[in-house]
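I have placed the structure first, in the form of structure tokens, so that the comments after it can refer back to it.
The values are calculated or read from the model by the stated rules, or taken from the named source; none is laboratory data. The shown structure was predicted, so the numbers you read here are calculated from the model rather than taken from an experiment. Here the Cβ positions follow ideal geometry from the backbone for every residue, glycine too, while neighbour counts run over all protein chains shown.
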Amino acid sequence: MPRNLEAGPSFLYHRVWRKGGPDISISGFCVACGTVHSLGAGNSRQRALELQAHLVTNRCIDDGRDPRFSTDYLLGAARGQMFGVLECKAASGSIVVLRAFSCQYNGEWCVDGWVPPVLDVQEFLRITDPVDREIKTLDRMIFEGKEPGLIRRRRALSRNLTKRIQELYRFTNFRGETRALTEVFQGGIPTGAGDCCAPKLLNHAAMNGLTPLGISEFYWGRENRSGTRKHGEFYPACAEKCQPILGFMLCGTGE
């Protein structure tokens, strides 16, 4: 087990403030209005610390009934992942706190109490399941030495599937405008774009008439292979995958 993963809440409160700092924010350049939009941490940092304390105490991301959502998943070969908290204001003036995890959690897109992904999960499964089965069949045949033309076929299937998945991502900003992932990126689209915490959180807020007040993202679990993400520490949104999306999504927030 990685060092410090079982540290209690008091340790976490000290460490994240010292290492992460209170002013990490998200930002991005909006091509449409020619402005760099940003959103600071605000009071979301305290909300994130409360979430960390929950993860330490309960060792799960749900109510504890489903073993798939245990935080033990983050300590093994899958390693850790990013979590995000967005504090918002509703039209009534009440405060709403949204939570998100990056990508999927132990193979699941949706978990009660967490914002959903940007894409339509049912449509994702409809287009990916048959292609995944065919790719697995080709992998087996290639492994058995039946390779002529099969590798090219597999590559073509994979490229086409990636394109179809990317087309499922549509983002809404705080002006009520919607853009496809393929419209947001001017060039090639990085793998995993649209699955990070910040796009999920902002999209859910915009779709539900919530005004963002502050956002915080932290890494939880076993250190990633490159050593760039460490347990319990806060990080700004990634530049390559997120900033082109966030510039558009933050448009209309007044920042």
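Taking the stretch 186-208 as the range and being over 24 Å from ALA41 (Cα atoms) and surrounded by 17 or more Cβ atoms within 10 Å (Cβ to Cβ) as the test, only ILE189 passes.
Residue-by-condition table, conditions (1) outside any helix (DSSP H, G or I); (2) within 19 Å of GLY192 (Cα to Cα); (3) more than 15 Å from the chain's Cα centre (by Cα):
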residue	(1), (2), (3)
ASP62	yes, no, yes
ASP72	no, no, yes
CYS88	yes, no, yes
LEU98	yes, no, no
CYS103	yes, yes, no
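Of all residues in the stretch 184-215, those satisfying the criterion of being closer than 20 Å to GLY93 by Cβ and either at pLDDT below 95 or among the β-branched types (Val, Ile, Thr) (or both) are THR211, ILE215.
Annotation: of all residues in the stretch 117-138 being within 15 Å of ASN160 (Cβ to Cβ) and aliphatic (A, V, I, L, M), the one that is surrounded by the most Cβ atoms within 10 Å (Cβ to Cβ) is LEU138.
Considering only residues in the stretch 240-255 that are free of Cβ contacts under 8 Å to residues at least 60 places away in the same chain and under 28 Å from GLU50 (Cβ atoms), the one that is surrounded by the most Cβ atoms within 10 Å (Cβ to Cβ) turns out to be LYS241. Among the residues of the stretch 121-144, is any part of a strand (DSSP E or B), out of contact with any strand residue (DSSP E or B) (no Cβ under 6 Å at 6 or more places or on another chain) and touching a residue at least 24 places away in the same chain (Cβ under 8 Å)? No, the stretch 121-144 has no match at all. Out of the residues in the stretch 33-49 that are assigned to a helix (DSSP H, G or I) and touching a helix residue (DSSP H, G or I) at 6+ places or on another chain (Cβ under 9 Å), which is farthest from ARG175 (Cα to Cα)? The extreme case among them is LEU49. At least 1 residues being free of Cβ contacts under 8 Å to residues at least 60 places away in the same chain and of a type in the set (D, E, K, R) is the threshold, and among the strands (runs of 3 or more DSSP E) wholly inside the stretch 149-238 those reaching it are 170-172.
Results for (1) buried (at least 20 other Cβ atoms within 10 Å of the Cβ); (2) at pLDDT below 95; (3) of a type in the set (Phe, Trp, Tyr); (4) under 27 Å from ALA239 (Cα atoms), shown as yes or no for each residue.
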position: GLY20; (1), (2), (3), (4): yes, yes, no, yes
position: SER44; (1), (2), (3), (4): yes, no, no, yes
position: VAL85; (1), (2), (3), (4): yes, no, no, yes
position: VAL97; (1), (2), (3), (4): no, no, no, yes
